[in-house]
Amino acid sequence: MQRYSRTAIFLHWAIAALLAFQIAVGWALEDLGARGFALYQLHKSVGITVLALTLARIGVRYWKPRPAKLEGGWQGALASGVHIGLYAFMLGAPLTGWALVSTAKVKVPTLIFGVIPLPHLPLPAAAHGVAENGHGLLAWLGIALVALHVAGALRHHLLIRDGLIWRMVPGRSTALLVALPALILVGFVAGRAILPAPQATPAPIAAEPADETAPANIAEAVNAAAPADNAAANATQATADEPVDPPPAWTVQPGGRIGFSVGNDGETISGSFSKWTANIVMDPDHPDSADIAVTIDMASASVGDAYKDGMLPGDEFFGVAAHPTATFVAKGAEATGPNAYRARGTLTLKGVSKPQTIRFTLSGKDETGKDATRKVSGSATIARAPFGVGTGDSSGGLGPQVALTFAFTAKRQD
Ligand code: HEM
Ligand code: HEM
């Protein structure tokens, strides 16, 4: 039987998978707020790729004509109609996307895959609404057409059994017959998988230590007492435009400190970690953009007492041989007051990962741009038992909660 060319087959499935990816990402874009910069860029880059692949596919269709239709009558006409509709979707979705970013109030530059600048189409601002609505609607139209298209393919395969499906599957391979359509699912799942985790709900979570500091609670009460402001903030969030800049990254300057203290039989043992690194991305005006990753070299812990320091790396405490580092990662933070923030993330210590909240404040001149600096200081209360820290005989008098404090200066990278 006549088949589609390899190139046409490749393009058919590649475009199908990328479209599924685009829809999965597209549906999430507007809810991402400041965290969305990179995903907007990716959505636009992949979208323009789909446009290029579709143009290539149309080119291939003229260069190597498609196999003759197998069916006439209304069924054949319906199949052709759906194909035309699918081409309209494959071209229309990227073009309306391109048009909507070209006519947005704030024109955000697009660098395709971070390399090739995408010019804005010379369209009147009035076209924005149509482009935006059309872009969202076309996705649904595309989904409906694909459903019809797949139903048609299944009808041929299962009812008519005329082998039409093999025209789009190389080598009559059953494995490929499963794998190629599965790529569409893979595209969609990949699109969902790369989305940042949903923001933690502002309601206090039970796992949080009971001794939350009073000032923070007051700050929350103040937040709650200003519902009008919150409503306004939410409203802007709901119609959030594409973020103009990626949130800035910060470099921790030498001289910072991460300290800890814990009660022990009425005394307090205090110490610090001398080796740690932090990767921090955060726009203080849009804390939801925060992306924080701290890695602590556990062997660098010291409480300033040679005997106790000798015990810390052992299995009773940090188990450094098996778990040389502890990490804290958090995506997103919330403002709890002026210059005060809270980030809920995950602490991995001694191989155990648990939710952990940290609180911090930023101070320093309100300068922006490269080399701006902020002083960061904060704290966390860590329940040591779940991490298996302090398990042995010599830990009998240790308090259950370890107070962590940190202070450092961060310098803006770009
Ligand atoms: C290739 C096919 C594409 C598909 C299937 C697609 C699909 C989608 C979908 C389903 C949404 C969510 C719409 C909504 O719920 O209202 C969306 C949003 C968006 N898309 Fe695309 N898209 C594609 C290409 C593009 C391209 C090429 C661009 C820009 C160059 C683009 C820019 C955007 C923007 C900025 C949004 C944010 C929502 C808005 O402001 O309305 N898209 N896309
Ligand atoms: C499980 C999913 C899919 C299956 C099983 C499938 C199967 C097929 C088959 C067997 C053909 C050849 C029809 C013939 O020889 O007359 C075909 C053609 C076509 N498919 Fe799909 N397809 C799928 C998904 C998609 C998707 C997601 C799109 C695009 C949005 C798409 C767009 C097209 C187009 C435009 C043609 C016509 C090609 C031409 O003749 O120019 N397909 N498909």
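Each of Trp74, Trp13 was scored by other Cβ atoms within 10 Å of its Cβ. Listed from fewest to most, they are Trp74, Trp13. Gyration tensor over the Cα atoms of the chain: the corresponding equivalent ellipsoid has semi-axes (square roots of 5 times the eigenvalues, largest first) of 54, 27, 18 Å.
Taking amide hydrogens as placed 1.01 Å from N in the peptide plane, the amide H of Thr325 sits under 5 Å from those of Met298, each at least 5 positions away in sequence or on another chain. What is the stretch 268-378 by shape, rounded, prolate or oblate, if you read a ≥ b ≥ c off the alpha carbon gyration tensor as root eigenvalues and call it rounded for a/c under 1.5, prolate for a/b larger than b/c, and oblate otherwise? Prolate, since a/c reaches 1.5 and a/b exceeds b/c. Its Cα gyration tensor gives the stretch 214-412 an equivalent ellipsoid; the semi-axes, largest first and in whole Å, are 34, 19, 15. Helical content alone sets the calculated 222 nm signal of the chain at -13000 deg cm²/dmol, taking -39,500 (n - 2.57) per DSSP H segment of four or more residues and averaging over every residue. Shown in residue order for the stretch 26-37 are the 3J(HN,Hα) couplings computed by the Karplus curve 6.51 cos²θ - 1.76 cosθ + 1.60 at θ = phi - 60°: x, 4, 8, 3, 5, 8, 7, x, 5, 7, x, 3 Hz (x for Gly and Pro). Each residue of the stretch 316-326 was assigned a 3J(HN,Hα) from its phi angle through the Karplus expression (A = 6.51, B = -1.76, C = 1.60, θ = phi - 60°), giving 5, 10, 8, x, 4, 4, 8, 9, x, 10, 10 Hz with x at Gly and Pro. Taking the charge dipole of the chain about its Cα centre, with +1 at Lys and Arg Cβ atoms and -1 at Asp and Glu Cβ atoms, the residue from Thr361, Pro196, Met168 reaching farthest to the positive side is Met168. Label zone (Asp371, point 7 Å along Cα-to-C-beta; backbone nitrogen cut-off 18 Å) within the stretch 251-279: 251-254. For Lys370, a cut-off of 14 angstrom between C-alpha atoms picks up these aspartates and glutamates, skipping any fewer than 8 places away in its own chain: Asp245, Asp283, Asp414. Quick one: which of Lys105/Lys365; Lys331/Lys354; Lys275/Lys411; Lys44/Lys107; Lys275/Lys375 span more than 23 angstrom between C-alpha atoms? Violating the 23 Å Cα-Cα cut-off are Lys105/Lys365.
Given a cut-off of 24 Å, what percent of all Cα-Cα pairs of the stretch 6-193 lie beyond it? Tail of the P(r) past 24 Å holds 43 percent of the pairs. What the phi angles of the stretch 291-297 give under the Karplus curve with 6.51, -1.76 and 1.60, with θ = phi - 60°, is a coupling list of 9, 10, 9, 10, 10, 10, 7 Hz, glycine and proline written as x.
All of the numbers you see were taken from the coordinates with simple rules; none came from a lab. Since this is a predicted model, take the numbers as computed values, not measurements. Because the Cβ atoms are built from the backbone with ideal geometry, glycine has one as well, and the counts that use them run over all protein chains shown.
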